[in-house]
Every structure is written in C-alpha cells, then in structure tokens.
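The values are calculated or read from the model by the stated rules, or taken from the named source; none is laboratory data. For clarity, every value in this text was computed on a predicted model and none was experimentally measured. Methodologically, a virtual Cβ is constructed for each residue, glycine included, from the backbone with ideal geometry; neighbour enumeration extends over all protein chains shown. We work out accessible area using only protein heavy atoms, side chains counted, and drop any ligands, DNA or RNA first. Shrake-Rupley method; radii C 1.70, N 1.55, O 1.52, S 1.80 Å.
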Amino acid sequence: MKKLNSNNIKLAIQKEGRLTEETLDFLKRSGFIFETSKRQLFSLCRNFPLEILYVRIGDIPKYVSSGIVDLGIVGQNVLYEERPQVGKLLNLRFGFCSLVIAVPKESNYKSISDLENKTIATTYPNSVKKYFQKSGIGIETITINGSVEITPALGIAQAISDLVSTGSTLALNDLRELETIYKSEAVLIANKSINIQKQNLLDKLMVRFKGVLSADSYKYIMMNAPKEILPKLKKIIPGLKSPTIAPLGKEGWLSVQSVIKEDIFWETIERLKKIGATGIIVLPIEKMIL
Ligand code: PRT
C-alpha cells in the first residue's frame, strides 16, 4: 500500500458530495495533474508535491486543526458552526448556499420575532442559537442530521434552519424562507502551524489558486474604436494598469484591448457600444497572475 510522504503538502477534500466535483475541477484548472477514482483514498499529484486526501467533509476541520493534513476545502458554514482552530486562506467562488430560517408556507409567522418560544429543527444548532441570541429572541433548537425540512410536518418543530441553494427543497416541502442567517461558499483552510518548508510550497500553491480565481473574475476584451472616444473608453475599461491601444489600418481608428470584471460585464459592454466601440470580442482568461 502507498504511504503518504511527510514532505508533501496535504490537502483534504470531500470524498463524495456536493463540493467534490467543483473542488476537483478547481484543482485541475489550477494546473495539478492527478488521477481520481471513486475507490481512491488519496492521490499524489504528478507535477507538484501535493497529496489530495478524500474524506467526509465533517472530518476535514479536525484533520486540518490537528495537523494530520495541512489544508482542507470545506463550506464556510462548517467554520461558522464549529469554529475550528484553523486559518481561512481563500474564498473559492463555488459551493454557494445560505443558511436560512424557514417556516410552513401557510403559517402566520411574518418575522423571526414571531418564533419566540418556538422550536427550530436544524443541523446547525450553534449558528441558529447565536443568531437568535443576538436578536434577543428565545427559542429552542432540536438537532437533526438529515431531512430537516420534514420536521414541521411531523410536528417536531415549528420552523427549520437549513442550507438552501436553489430553494427547491423548501418549495417541495411547503416551506417558505423567513430570514437568512448567513451566506456560504467553499473556502480553503489551513493548519495554523505549517512549517517553513511547507510554507514555501503553500506560497506556490496560492499563486496557482489565485491565478485561477482572478481569471474567473475577469474577461479579456478587444474592440475597434474611433480615436475621439479614447478618453471615455479609458474611463470605462481602465484595465489592470491601462488598456493596450494600437492604430488600425483604417485612418482615425484604434484597436483597444483590456480586461473587464465579470460581475459588471454586460453593463460595461452596453456602455462601450453606446459611446461607439464596434467589433467587440470577449474571451475567457485561463490564468491571471496579478
Ligand atoms: O458525506 P459528507 O459528510 O462528506 O458530506 P454531507 O453529506 O454532510 O455534505 P453535502 O455533500 O450535502 O454538502 C457539502 C457542503 O456543500 C455543505 O457543507 C455546504 O457548504 C455546501 N452546500 C451547498 C450545500 C448545499 N449547497 C445544499 N443545498 N449543502 C447542503 N445542501 C442541502 C441542504 O441541506 C438541503 O437539504 O441541499 C438541500 C437544499 O438544496 P436546494 O437546492 O433544494 O435549495
């Protein structure tokens, strides 16, 4: 049987579940080459001293805080709920969800204050208790490890608190959202006392991860523009330092290249068209090292 090498940096990820596919995709896009199969307990990267361990997500914070592994990928919700002694290094921009409070659709509850003295079923009792304590509302919690959404119909609780991504589970169970406790996404966590040698590896790893995250949040844009709109254009697409500008064969026209932020993509395109930019081409960026 293959053994783990103590000089390699070790990353624990979910073996099988909601975060698995996107985590593997993120690691591959970060340039790590490794084999995966459902039966595997760990993989060794071929092009970097990185070992990936496949475990239950609930075990990852313990493995990271105790130093069994150096790094882990979990939902931010796990950190809010368990407060493990680990460092958070990066938000990974996948695994988005919210911890919400929901009540039966036909009930009269209008706000969380209507839940005073009621019982809330949840897999996240610490988060729920803290939220209600802060709001000064007294509630009881009952901890359930699965199918929380059926508890109001069973008469076990008057409300629930659970993670929601599309909202279809709530709808299917005749529940409606009353309030959001927090939003969550996948995060990279690290042991708090990584040694110098591993810290060097971690620094390299972070450059790769950040390269992918930056690339995901920007697009590369090229366009033709009449010379006179250049001052306005520079304001709309300032780029990282400034846009690249070259003369076109056609007199009075320029070719302009820049990067734009994904979250204001359509707004930017509309503004560019409005001032007279034409032939706009947008390309995805594979990696971006800032
Ligand atoms: O088996 P293992 O111990 O490894 O994991 P698990 O089964 O406990 O976790 P898993 O795979 O369900 O979730 C892993 C992580 O994915 C969570 O810790 C969150 O960070 C993240 N995540 C993102 C979600 C959801 N979205 C999500 N929708 N985790 C759970 N859900 C569940 C929710 O509990 C509810 O039952 O999905 C249902 C609601 O989904 P919608 O789409 O109908 O709203």
(message) Please go through (1) in the same structural domain as Y54 (by TED's automatic domain parsing); (2) open to solvent by 10 Å² or more (accessible area, probe 1.4 Å) for I73 and return the number of the only condition it doesn't satisfy.
(response) (2)
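Does the range 93-112 contain at least one residue that is among the aliphatic types (A, V, I, L, M), exposed (fewer than 14 other Cβ atoms within 10 Å of the Cβ) and farther than 25 Å from Q14 by Cα? Step through it out loud before you land on a result.
At the first step, the residues of the range 93-112 found to be among the aliphatic types (A, V, I, L, M) are 99-103, 112.
Checking which are exposed (fewer than 14 other Cβ atoms within 10 Å of the Cβ) leaves us with none.
For the range 93-112, residues among the aliphatic types (A, V, I, L, M), exposed (fewer than 14 other Cβ atoms within 10 Å of the Cβ) and farther than 25 Å from Q14 by Cα: absent.
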(request) State whether the residues of the range 60-79 include one that is of a type in the set (D, E) and over 26 Å from K129 (Cβ atoms). (result) yes
(message) Cβ contacts < 7 Å: first residue touching a residue at least 24 places away in the same chain (Cβ under 8 Å), restricted to the range 44-69; second residue charged (D, E, K, R), any location; separation 6+ or different chain. Result?
(response) L44/E51; E51/K10; L53/K10; Y54/K15; V55/K15; R56/K15; P61/E82; V69/K10
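Return the total of residues in the range 124-181 being assigned to a helix (DSSP H, G or I) and within 17 Å of K105 (Cα to Cα).
Taking the range 124-181 first, the residues assigned to a helix (DSSP H, G or I) are 125-135, 148-154, 168-172.
Add one more test, that the residue is within 17 Å of K105 (Cα to Cα), and what stays is 148-154, 168-172.
Of the residues in that region, 12 qualify.
Quick one: which of F94, F34 is part of a loop (DSSP other than H, G, I, E, B), farther than 30 Å from A157 by Cα and away from the ligand (no atom under 15 Å from the Cβ)?
Numbers: F94 fails: away from the ligand (no atom under 15 Å from the Cβ).
Only one candidate passes the filter, namely F34.
Only one of these is of a type in the set (D, E) and closer than 28 Å to A215 by Cβ: E116, E35, E106, E81. Name it. Reasoning before the result, please.
Values: E116 fails: closer than 28 Å to A215 by Cβ; E106 fails: closer than 28 Å to A215 by Cβ; E81 fails: closer than 28 Å to A215 by Cβ.
Matching residue, one of E116, E35, E106, E81: E35.
Looking only at the range 244-290, which residues are closer than 24 Å to L213 by Cβ, part of a strand (DSSP E or B) and among the aliphatic types (A, V, I, L, M)? Outline the logic, then answer.
Of all residues in the range 244-290, those closer than 24 Å to L213 by Cβ come to 244, 257-269, 281-290.
After this cut, where a residue has to be part of a strand (DSSP E or B) as well, the list is 244, 257-261, 281-284.
Passing the criteria: V259, I260, I281, V282, L283.
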(message) Return the residues of the range 216-235 that are open to solvent by 70 Å² or more (accessible area, probe 1.4 Å) and without any contact (Cβ under 8 Å) to a residue 40 or more places away in the chain; say none if nothing qualifies.
(response) K227, E228, P231, K234, K235
(message) Could you check the range 37-70 and list, in sequence order, the residues that are open to solvent by less than 50 Å² (accessible area, probe 1.4 Å), more than 16 Å from the ligand (Cβ to nearest atom) and touching a strand residue (DSSP E or B) at 6+ places or on another chain (Cβ under 6 Å)?
(response) S43, L50, E51, D70
(request) Kindly establish whether K134 is surrounded by fewer than 19 Cβ atoms within 10 Å (Cβ to Cβ) and under 31 Å from the mean Cα position of the chain (by Cα). (result) yes
(request) Could you grab me the full set of residues in the range 145-173 that are more than 11 Å from the ligand (Cβ to nearest atom) and surrounded by 15 or more Cβ atoms within 10 Å (Cβ to Cβ)? (result) T151, P152, A157, Q158, A159
(request) Pull up the range 236-278, narrow it to residues that are small (G, A, S) and open to solvent by 50 Å² or more (accessible area, probe 1.4 Å), then point me to the one that is nearest to the chain's Cα centre (by Cα). (result) S242
